[in-house]
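All remarks here apply to the structure that follows.
Bear in mind these aren't lab numbers, they're just calculated from the coordinates by the rules spelled out. Keep in mind that this is a model prediction, so the values were computed, not measured. Glycine gets a Cβ as well: all are built from the backbone with ideal geometry, and neighbour counts include every protein chain shown.
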Amino acid sequence: MDFDDSQIHRYARHIILPEIGGTGQARLLQSRVLVVGAGGLGSAVLLYLAAAGVGTIGIVDDDVVDLSNLQRQVIHDVGAIGTLKVDSAARRIAALNPDVTVEAHGLRLTAANARDLVGRYDVVADGSDNFETRYIVNDACFLAGRPLVSAAILRFEGQLATFRAHGRSGLPCYRCLYPERPPDGMVPSCAQAGILGALAGVMGTLQAVEVVKQILALGNGMAGRLLLYDALGHGFRTLSVARDPDCSLCGDAATTGSGGGDA
């Protein structure tokens, strides 16, 4: 594709990178990414993907902006309190980069709508804050054949992984890592346990980097690995994650059905 003068100027620092160049920037502008959750993680993901020139960004979130969100959900501001997060995020992205088209889905992702929605995009970034949605997103990405970049945060710790189990890749899915959701109450929510606001920015930014790498097939992706970050110790660890042959979704005996009934 041909860039106009403003695009050449805007994306100059990408274009001069040999690993990206004009071809890679054009691919970003033509790509479609779905971001699940416009909260703490989603704020950083959305801002950096929009700044990078990802051409179409879908946002799924049925929540409204609350004052307590603003400690970490930096895509929103005081004027957005009481409005849908997808609408607030769409306004901020429009102000940041008019090249980007936002598809705002002000709804809750469910087993009934996930596969159709996921199938409209090239890559999915999951920044949801509950296990039910994480399993639904994982299953939908597997069934639709889409890479999933997933992150989670709590208190002072974060984790990041990419799941590309579809297509007989031999790589794990989210269910290989967490076969069953923990019992209710075992894992506290951010509202219950708290969270360092800037941690959302750290992990969301890493998530955005991984999404761009997936779009452009750059470097070593996080598929088959789990990145752990401890903000108090300021340390990163990377663990290998193997495919589980007994996985209910992608295992040897699994059928291409619901993967445990979540999508």
Can you tell me the Rg and Dmax of region 1-131, counting just the alpha carbons, in angstroms? 15.2, 45
Most positive-pole-ward Cα, L218, G251, A198, against dipole of region 144-263 from beta carbon charges: L218
Taking every other residue with Cβ under 15 Å from the Cβ of G194 and scoring Lys and Arg +1, Asp and Glu -1, one gets 0
quick note, the chain, DSSP beta bridge pairs, % antiparallel (nearest 5) is 50 percent
So, in nm, how far is label Q192 from label D252 when the simple model puts each one 7 Å beyond its Cα toward the Cβ? 3.8 nm
The answer for the net charge of residues other than A90 whose Cβ lies under 15 angstrom from its Cβ, with Lys and Arg +1 and Asp and Glu -1, is -4
Based on the alpha-carbon set only, what is the convex hull volume of the chain divided per residue, in Å³? 128 Å³
Residues whose built amide H sits under 5 Å from the amide H of V35, excluding neighbours closer than 5 in sequence, are G58, I59, V60, A125
Give the relative contact order (percent, whole number) for region 1-150; include only Cα pairs under 8 Å separated by 6+ residues. 24 percent
Highest first, please rank the peptides 3-14, 150-161, 113-124 by the mean number of other Cβ atoms sitting within 10 Å of their residues. 150-161, 113-124, 3-14
The rounded separation in angstrom of the Cα centers of region 159-233 and region 72-91 is 24 Å
Apply 1/(1 + (r/R0)^6) to the Cβ-Cβ distance of L70 and A12, taking R0 = 35 Å, and write down the FRET efficiency to the nearest 0.05. 0.60
Shape call for region 88-197, from the Cα gyration tensor axes a ≥ b ≥ c (a/c under 1.5 means rounded, otherwise prolate when a/b beats b/c, else oblate), comes out oblate
Cα gyration tensor shape for region 124-263, rounded if a/c is under 1.5, else prolate or oblate: oblate
Set the Förster radius R0 to 22 Å, insert the Cβ-Cβ distance between R225 and T205 as r into 1/(1 + (r/R0)^6), and round the FRET efficiency to 0.05. 0.80
Where in the chain are the DSSP H helices whose alpha-carbon span along the long axis reaches 20 Å or more and whose Kyte-Doolittle mean is at least 1.0? 197-216
Value of relative contact order over the chain, rounded to a whole percent, pairs C-alpha under 8 Å and six or more apart: 19 percent
Enumerate the amide H contacts of R225 below 5 Å, restricted to partners 5 or more residues apart or on another chain; note that Pro and chain-start residues carry no placed amide H. T162, V241
Distance in nm between pseudo-label sites at L239 and A111 (7 Å out along the Cβ direction from Cα): 2.8 nm
If amide hydrogens are placed 1.01 Å from N in the peptide plane, which non-local residues have theirs closer than 5 Å to the one on Q30? G55
Relative contact order in percent for region 111-169 (Cα pairs under 8 Å, 6+ apart) equals 32 percent
Could the peptides 209-219, 32-42 be put in order, highest first, of the mean number of other beta-carbon atoms found within 10 Å of their residues? 32-42, 209-219
Can you give the net charge of the other residues whose Cβ lies under 12 Å from the Cβ of R32, counting K and R as +1 and D and E as -1? +1
